[in-house]
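The block underneath contains the structure these notes are about, expressed in structure tokens.
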Amino acid sequence: MNRLVIGTLCVVLLAGCGKDDPAVKRFTLSSDQGLYPPTCLTRTPSGDLVALVGEGEQRTFTLFRSETEGRSWSRWCALPTPNDPAEVDLIAGGNLLIAYANLGRSIWIATLQADPEAPGDSLVYKTELPSEAPIRSLSMAAPSMADETLPELLLSYQTGDPADSLREMFLRHSNDGGITWSEATSIAEGVLGDVCLERPAEGETYTNMIFSRDRFLRWQGIASVRRTSEFEIRVRVPPESPNRVAHLGNLMAAVGVSSRNQVVAAGSTNKGRNWEVAIALARDSDHPRHPDLDGGFGRFWVTYLSGDSLLMARTANDPRYPKRWSRFIWVEKTECLGWPSIVALPDSLGGVLYAVPGGKVRFARLEESVPVMYRPRTTTP
């Protein structure tokens, strides 16, 4: 190749690096208020998107709502905000939205009506569940997305001394949308890592639970007080790995972060009973990855931080093989704060909620239907 061709190629590549990905359309939740992490995102049974963010200098828990799949947002209501939450998340279940947070030695739970016509102060119930030991990880799921008055809720959490690698994991169950809860049942102990619950596939009985034990991911099905056996996922992660699980019918995907900050994943074709070997969705990094995962409308979507100034996403219709994952989508090329949150949208689209410096929270619609058989020639970012 002569020098002219090489020089032209370099100019083209550098010019391409400076352009935004045409697959990404970004929208700001508000230009009037300062918005900050947490950035939690969920999709209601009616199809609306609801975001929980921190508003103003006090980081007041505030809900924003979109009835246009993220193209426009409106401030909905503020929630009573607990002091110094360590973990925060938001889920939808039936006709309720449930926000929950780790307060160190208690779990804060607030529920409100998901109906957009409901008044902004439609808080149904707020409670705190005490813990005898420091809470290390927690997750909640609503097994049914049906429009029930008071949906069933499952809560799993781990406790243990932060200076110790040993943990104990508990399960609690509510039949009335979080107003009352069963006693805590101990379901595992040892060298455990981050737990994640995800609602079951339609028609299934068991809620999906993923966590790590002895540095390998594990899947288990949970149905009220009943549980399946543990199934080992051939993905090796340290106890501090943030783990995620999602499903598409019989297909399942699990994602964690290796000790070298790789984003590692595995897939199952039989609802979690057997898993393929691990694949790397993102290479080694000196920075935390903070991945999130969702499945729906025919695709899995994953988002993660790449370095200190890139937010990436990838998608697949079958998560078991590297070639089935799409090219790398550059969601944002600036510093991102907190943890990104991703949801699957209709028409094979994805949506990512994240915060950037300057008191801004943005939502990115990944609009192009990217080719799932594309195999990048460069190394994984």
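Here, each number is a calculation from the coordinates, and none is a lab measurement. Note that the structure is predicted; figures quoted are calculated from it, not measured. Cβ placement follows ideal geometry from the backbone for every residue including glycine, while neighbour counts extend to all protein chains displayed.
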Inset, instruction - Please tell me if Ile222 is under 25 Å from Asp164 (Cβ atoms), crowded, with 20+ Cβ neighbours inside 10 Å and of a type in the set (A, V, I, L, M, F, W, C). - result: no
Legend entry - Residue that is farthest from the chain's Cα centre (by Cα) [pool: residues in region 161-181 that are free of Cβ contacts under 8 Å to residues at least 24 places away in the same chain and more than 16 Å from Arg136 (Cβ to Cβ)]: Thr180
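What tally of residues in region 190-215 results from selecting those that are under 19 Å from Ser241 (Cβ atoms) and either among the charged types (D, E, K, R) or not in a loop (DSSP other than H, G, I, E, B) (or both)?
Number satisfying all stated conditions: 16.
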Inset, instruction - Mind telling me which of the residues Arg289, Arg244 ends up being more than 13 Å from Ile210 (Cβ to Cβ) and within 13 Å of the chain's Cα centre (by Cα)? - result: Arg289
Inset, instruction - Would you tally the residues in region 170-189 being of a type in the set (Asp, Glu), in a loop (DSSP other than H, G, I, E, B) and over 17 Å from Gly93 (Cβ atoms)? - result: 1
Inset, instruction - Show the residue pairs that are 6+ apart or on different chains and have beta-carbon atoms under 8 Å apart, the first residue being within region 254-280 and farther than 16 Å from Asn243 by Cα and touching a residue at least 60 places away in the same chain (Cβ under 8 Å), the second being part of a loop (DSSP other than H, G, I, E, B) and small (Gly, Ala, Ser). - result: Lys271/Ala201
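One residue is enough: does region 114-134 have a residue meeting the conditions closer than 23 Å to Asn208 by Cβ and touching a Lys or Arg at 6+ places or on another chain (Cβ under 8 Å)?
Among the residues of region 114-134, at least one is closer than 23 Å to Asn208 by Cβ and touching a Lys or Arg at 6+ places or on another chain (Cβ under 8 Å), which makes the answer yes.
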Inset, instruction - Of the numbered conditions (1) surrounded by fewer than 15 Cβ atoms within 10 Å (Cβ to Cβ); (2) assigned to a strand (DSSP E or B), Gln158 fails exactly one; give the number of that condition. - result: (1)
Inset, instruction - Inspect all residues belonging to region 66-82 and state whether any of them is on the phi > 0 side of the Ramachandran plot and under 19 Å from the mean Cα position of the chain (by Cα). - result: yes
